[in-house]
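The values are calculated or read from the model by the stated rules, or taken from the named source; none is laboratory data. Because the structure is a prediction, the values reported are computed rather than measured. Ideal geometry is used to build each Cβ from the backbone, glycine not excepted, and the neighbour counts take in all protein chains shown.
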Amino acid sequence: MIKRSKKDTNNNESGSRHALPPDFDPEVPSREVILQYLRANPAPISPETLATALGSSAASIGFDRRLKAMERDGQAFFNAQGQVLLNNQLEFIAGKVQGHRDGFGFLLRDDGGPDLFLSPREMLKVLHGDRVLAKPDGEYRGKPEATIVEVVERRTNKLVGRFLKERGAFIVAPEDQRIKHDILIASSDTGEAEHGQVVTIEILQQPTRHTQPLGRVIEVLGEIDDPGMEIEIAVRKFDVPHEFSQATLQQAAKIPATVKPSELKGRIDLRDVPFVTIDGEDARDFDDAVFCTPVDMGTEKRKRPGWRLLVAIADVSHYVRPGDSLDDDAIDRGTSVYFPRRVIPMLPESLSNGICSLNPDADRLVLVCDMVIAASGTKAGSITAYQFYEAVIHSHARTTYTDVWAALQQPSGPAGQAMQPVLPYIQNLYQLYQLFAQARIKRGAIDFDTLETRIVCNPLGKIERIEAYSRNDAHKLIEECMLAANTCAAEFMKRNKRLGLYRVHEGPTPEKLKSLRDYLRNLGLTLDGGDDPTTTDYARLIKAVRARPDFEVIQTMCLRSLQQAIYSPEQAGHFGLSYDNYAHFTSPIRRYPDLLTHRVIKSVLHGKRYVPKLDDIAAAAALPKGEREHALWEKLGLLLSARERRADDASRDVEAWLKCWFVKEHVGEVFSGRVTGVASFGVFITLDTLFVEGMVHVSELGSDYFQYNEAMHELRGERTGIRYRLTDAVQVQVSRVDLEARRIEFRLVKGTGFKELKASMEPEAPGAKRVKRAASTKPTALQGTTAQQRRAAAKRSAKAATPGKTSRSGKAGKTSRSR
């Protein structure tokens, strides 16, 4: 059971029992406070007047030292009269701190420039996620380094970790490996926590270069191996909202469970139309229902065959209005978060699984995208006309991908018989899908074929097995219907000159394109298109290599070269799908951007204009009206893109935790696998039968010097000639599982695959660089998980650190109706 500590009074004892440096004066205003005052009061000011204005003693030695330190770092300077001024000449770099598990970090610059290395010493001042100002400070191993001069915003005020008692002191070791500080807890602030338990703490005092952070326990989550603990940790670790406000729950409780007759006014009545939903077996919220029938196109004399496709989407915007409690919680979440066996919904269940869900045999309010698609000629599979309108439907059947595919293959079989009343309309959908598929090929959309896996858990929430599954044509049928509706929504906003959020997926950056071309060149392959390849160029390459044994690797490299999809008011198209206009419209129950698209469309239908409101964008108030509206949408796009990534990070963290628990039962066992990632410090292996990835450290590859060729993604032994490349088959033994780091370690079985891995005598590939000789045992940085060991490992690892990110193989994602 999760226990929350009672609200305590202010505890002045917590900081007194920890020794501070002799020159540390807690009464001295921080740099942040001094800088804020100097910005607000730019006129020269004497140190004494400044100290008094900030509530400090004019004779304070600590205050004088702080001003001199700020002068040394270029933040302030003294004029000839000895007065203090803000140094506006020095250009500081603003950005966000990204911690690393080995103690160092990076500054992710707001201006998009190259990341700056932050030494472990600099990381003592901050926590992962803090926003800072920094100044460039030389280089570290050829990469730019920075010194933090001001913490602009503290982003970590709460965190989750293990409560430990070490040598009479209480500490919390954060679960987030990017935070290397142990949080000191006063004995009066431990609540009911016991040694080893997982707790949530509130930060009472942020870290400085001289002091550790202080905190107090506010919640006891339980033991580390309690069922569902991995989810409790993830939602707190990534700050995922997981409890609805009382106001939201009260508002949701007042919404009727059925559609009222008064709500049908102004809506098209489609309750007699045999709409169906097609989803997975475990789906509970049904955003969309579909119906398809043949139609005649053209004039009476020149009739042409066509299809009419109706995609009905839950009218969530009817129930969730701008500015109400439901809306506040929905935008705070941004999206539903999916874990094995549990969902953190964007909306309360009474809406997501109830009145908004298009459940069978129930009246539901919807927003319909009604499309006409050509069935022949040069425009076959293209949408020739569409319209949006509000309606009410009555879903005639809830079907699954498995049953629909079985019915399409054998209409007279059990599945076909069970859905006999709606089977003709499903067969219509399948014929339309085949047209869509042909049009997809014609427009040059990339057809990536990635392996997808599904985690099957036991009643206790632990992994029972991980299994591969393939998407059948029923999945693809629904996906194409959703893609069609999404393109219409984007085109509708554009045609009516309304701002909104588009789903933007841009092509490769010049740097990523060069990396991909270098890799392909070494394989004797080329990507057409010069400096600006199109989706068709990518699709042509993927098709050409589909029969190759290294197809999966080439496909992965192509995927890595593309940018991440985001939400933006700038319509830049969707590169992967080869659409000029694309938005998210079909999942308003689980995605806030879709809800915004509904509001824009409905405002047009009602002759109005929808403009979102954000409390935290005061700077936009000074802009002209048109620019102000654009700034609001731009801010929303950034916000919702970040919340989408937050949900993905939390889901991946839970999956990594579960996989570590799963593999713990197999330590010492030998498995076959394939190389799915190569780095200078080792190779990543995915097991063929368990579908989990782990690392073989370079120290386990044998007593040889290994050269890392970044262009070829290859490690090659200088003496033996053995090389490890993507897709190489190997045999490994599970040697260690580190649950804290979510890391699985393998040991290469001696002699495995030597003939296959032994390279022929050929000249050394360009771009290869010599890496550290393999040691006979694992480096200390990979051992031990206690706080003391981790701190020591951080110092050692920082010496060998090189700024940048190691790219690893892409993971199989969830099946998505619209991308």
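Across the range 609-623, the number of residues qualifying as loosely packed, with under 15 Cβ neighbours inside 10 Å, at pLDDT below 65 and out of contact with any His (no Cβ under 9 Å at 6 or more places or on another chain) comes to 6. Total residues in the range 256-288 satisfying the condition of being in a loop (DSSP other than H, G, I, E, B) and not small (Gly, Ala, Ser): the figure is 18. Among the candidates 277, 200, 208, 248, the residue that is among the polar types (S, T, N, Q) and closer than 30 Å to residue 430 by Cβ is uniquely 277. Would you confirm whether any residue within the range 583-594 is aliphatic (A, V, I, L, M), buried (at least 17 other Cβ atoms within 10 Å of the Cβ), touching a strand residue (DSSP E or B) at 6+ places or on another chain (Cβ under 9 Å) and not in a helix (DSSP H, G or I)? Yes, some residue in the range 583-594 is aliphatic (A, V, I, L, M), buried (at least 17 other Cβ atoms within 10 Å of the Cβ), touching a strand residue (DSSP E or B) at 6+ places or on another chain (Cβ under 9 Å) and not in a helix (DSSP H, G or I). Each residue in the range 698-721 was checked for being surrounded by fewer than 19 Cβ atoms within 10 Å (Cβ to Cβ) and either without any contact (Cβ under 8 Å) to a residue 60 or more places away in the chain or within 31 Å of the chain's Cα centre (by Cα) (or both), and 6 pass. Among the conditions (1) modelled with pLDDT of 85 or more; (2) of a type outside the set (Val, Ile, Thr); (3) under 23 Å from residue 124 (Cα atoms), the only one that residue 27 does not satisfy is (1). Which members of the range 724-741 meet the condition of being surrounded by fewer than 20 Cβ atoms within 10 Å (Cβ to Cβ) and either more than 30 Å from the chain's Cα centre (by Cα) or more than 22 Å from residue 672 (Cβ to Cβ) (or both)? Once the filter is applied, which keeps residues that are surrounded by fewer than 20 Cβ atoms within 10 Å (Cβ to Cβ) and either more than 30 Å from the chain's Cα centre (by Cα) or more than 22 Å from residue 672 (Cβ to Cβ) (or both), the range 724-741 yields 729, 731, 733, 738, 739, 740, 741.
When you go through 659, 664 one by one, which is the residue that is touching a residue at least 24 places away in the same chain (Cβ under 8 Å) and either surrounded by fewer than 17 Cβ atoms within 10 Å (Cβ to Cβ) or touching a helix residue (DSSP H, G or I) at 6+ places or on another chain (Cβ under 7 Å) (or both)? After ruling out the rest, the residue left standing is 664.
Out of 171, 201, report the one residue that is more than 17 Å from residue 103 (Cβ to Cβ), of a type in the set (A, V, I, L, M) and assigned to a strand (DSSP E or B). Don't jump to the end; show me each part of the working.
Details: 171 fails: more than 17 Å from residue 103 (Cβ to Cβ).
Of 171, 201, the one residue that is more than 17 Å from residue 103 (Cβ to Cβ), of a type in the set (A, V, I, L, M) and assigned to a strand (DSSP E or B) is 201.
Picking from residues in the range 60-101 that are farther than 20 Å from residue 148 by Cβ and aliphatic (A, V, I, L, M), the one that is modelled with the lowest pLDDT is 80.
The selection criterion, being touching a residue at least 12 places away in the same chain (Cβ under 8 Å) and either out of contact with any Phe, Trp or Tyr (no Cβ under 6 Å at 6 or more places or on another chain) or hydroxyl-bearing (Ser, Thr, Tyr) (or both), holds for residue 444.
In the condition set (1) of a type in the set (Asp, Glu); (2) touching a Lys or Arg at 6+ places or on another chain (Cβ under 8 Å); (3) surrounded by fewer than 20 Cβ atoms within 10 Å (Cβ to Cβ), residue 361 is compliant with all but (2). Exactly one residue among 298, 280, 323 is at pLDDT below 95, touching a Phe, Trp or Tyr at 6+ places or on another chain (Cβ under 7 Å) and exposed (fewer than 15 other Cβ atoms within 10 Å of the Cβ), and that residue is 280. Of the residues contained in the range 396-417, none is found to be among the hydroxyl-bearing types (Ser, Thr, Tyr), within 27 Å of residue 580 (Cα to Cα) and out of contact with any Cys (no Cβ under 9 Å at 6 or more places or on another chain).
The rows are residues; the columns are (1) at pLDDT below 95; (2) surrounded by 16 or more Cβ atoms within 10 Å (Cβ to Cβ); (3) out of contact with any His (no Cβ under 8 Å at 6 or more places or on another chain); (4) within 23 Å of residue 375 (Cβ to Cβ).
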position: 386; (1), (2), (3), (4): no, yes, yes, yes
position: 399; (1), (2), (3), (4): no, yes, yes, no
position: 402; (1), (2), (3), (4): no, no, yes, no
position: 419; (1), (2), (3), (4): no, yes, yes, no
position: 429; (1), (2), (3), (4): no, yes, yes, yes
position: 435; (1), (2), (3), (4): no, yes, yes, yes
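Residues in the range 645-696 that are in the same structural domain as residue 730 (by TED's automatic domain parsing) and among the hydroxyl-bearing types (Ser, Thr, Tyr): 672, 676, 680, 686, 689. Just one residue in the set 651, 672 is more than 30 Å from residue 566 (Cβ to Cβ) and not basic (Lys, Arg); that residue is 672.
Do we have any residue at all in the range 517-530 that's among the acidic types (Asp, Glu) and touching a helix residue (DSSP H, G or I) at 6+ places or on another chain (Cβ under 7 Å)? Yes. Filtering the range 729-755 to residues that are acidic (Asp, Glu) and at pLDDT below 90 leaves only 740.
The sole residue among 412, 395 that is polar (S, T, N, Q) and touching a Pro at 6+ places or on another chain (Cβ under 7 Å) is 395.
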